[in-house]
Amino acid sequence: QVQLVESGGGLVQAGGSLRLSCAASGRTFSSIGWFRQAPGKEREFIARINWNGGSTSYADSVKGRFTISRDNANNTVYLQMNSMKPEDTAVYSCALYNFGSYKWSPSYNYWGQGTQVAVSS
């Protein structure tokens, strides 16, 4: 059984930084993705990292500001968020990739409960 638990969310001022963590348990030898969902909006792909950390991908909206990494020894994936903007406000969730397009949420079969991120202007 796979379990994903996010942490690290909170309130930050525009231009500030946060680091989210996704602690995984179970068989997680696959890519991990981060998604976010703002109120009234669809879930949005943010970033993904392959099983050994050798390949990463980002949405254009966060490229150059966010960095995804993983520490397999501690079964944790991180999302470092810098130069944050009010439009980054959302619930952020990590998920375990199954198959299909990595930018598409149905391609992931296990999800964490999410962590709230709010960026004030």
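The values are calculated or read from the model by the stated rules, or taken from the named source; none is laboratory data. Just so you know, these numbers come straight off a predicted model, no measurement behind them. A quick note on method: Cβ atoms are made from the backbone with ideal geometry, for glycine too, and the neighbour counts reach across all protein chains shown. Protein only, heavy atoms only, side chains kept; ligands, DNA and RNA dropped before computing areas. Shrake-Rupley method; radii C 1.70, N 1.55, O 1.52, S 1.80 Å.
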Order by accessible surface, 1.4 Å probe, largest leading, for residues W111, W104 comes to W104, W111
With the crude spin-label approximation of a point 7 Å out along Cα→Cβ, what separation in nm comes out for R65 versus K103? 1.8
Quick check: net charge around N82, other residues with Cβ under 15 Å of its Cβ, Lys/Arg +1 and Asp/Glu -1? +2
For D60, D71, the accessible-area ranking with a 1.4 Å probe, largest leading, is D60, D71
Here the net charge surrounding S120, from other residues whose Cβ is less than 15 Å away from its Cβ (Lys, Arg +1; Asp, Glu -1), is -1
Percentage relative contact order, region 8-121, counting C-alpha pairs under 8 Å, at least six apart: 34
So, taking all protein chains as they sit and a 1.4 Å probe, how much accessible area belongs to T67, in Å² rounded to tens? 70
Net dipole in debye of region 13-121 [+1 Lys, Arg Cβ; -1 Asp, Glu Cβ; about Cα centre; nearest 20]: 100
Starting from the Kirkwood Rh over alpha-carbon pairs, what translational D in µm² s⁻¹ does the chain have by Stokes-Einstein at 10 °C and 1.306 mPa s? 113
Compute the accessible area per residue over region 40-121, keeping the other protein chains in place, probe 1.4 Å, unit Å². 53
By the scheme Lys and Arg +1, Asp and Glu -1, what is the net charge of all other residues having a beta-carbon under 13 Å from that of Y97? +4
Whole angstrom only: what separates the Cα centroid of region 29-57 from the Cα centroid of region 59-121? 5
By average Cβ neighbour count within 10 Å, what is the ranking of 16-29, 82-95 from highest down? 82-95, 16-29
So, with a 1.4 angstrom probe, what is the percent of accessible area on the chain that is carbon and sulfur? 47
